[in-house]
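The values are calculated or read from the model by the stated rules, or taken from the named source; none is laboratory data. Model, not experiment: these values are computed from the prediction. Here the Cβ positions follow ideal geometry from the backbone for every residue, glycine too, while neighbour counts run over all protein chains shown. Ligands, DNA and RNA are excluded from the accessible area calculation, which covers all protein heavy atoms including side chains. Shrake-Rupley method; radii C 1.70, N 1.55, O 1.52, S 1.80 Å.
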Amino acid sequence: MPSLVVPVGVLSVASLVVLSSIGIHFFWLQLLWVAIGCVIATAFFFIDWQSFLNYRWLLVALYVVSAGL
């Protein structure tokens with residue numbers, strides 16, 4: 001995961017710069033989504049996924065929810 005931080009950060013900053021030149025409203029919306037994405041990525045990084053492999057119903061539910069999105 002650390003090897004992806006720099007390219008994703010550069011692309012996020014570039015998109016924020018472009019959106020700030022278009023309109024400040026779009027900048028704040030993009031910044032909000034970048035922050036939400038960072039929180040979710042950090043949470044998924046620290047979850048111990050090995051313990052979830054014992055619960056097949058949870059894996060199926062996660063698959064159904066992600067396929068539905």
Would you please list the contacts, defined by Cβ atoms under 9 Å and residues six or more apart or on different chains, that run from a residue in region 1-24 that is touching a residue at least 40 places away in the same chain (Cβ under 8 Å) to a residue that is in a helix (DSSP H, G or I) and open to solvent by 90 Å² or more (accessible area, probe 1.4 Å)?
Met1/Phe45
Are there any pairs with C-beta distances below 6 angstrom linking a residue in region 35-54 that is more than 20 Å from Val10 (Cβ to Cβ) to a residue that is of a type in the set (A, V, I, L, M, F, W, C) and part of a helix (DSSP H, G or I), with the two at least 6 apart or on different chains, and if so which?
Phe52/Leu58
When residues of region 25-34 are limited to those that are free of Cβ contacts under 8 Å to residues at least 12 places away in the same chain and either under 14 Å from the mean Cα position of the chain (by Cα) or open to solvent by 60 Å² or more (accessible area, probe 1.4 Å) (or both), the one farthest from Tyr63 (Cα to Cα):
His25
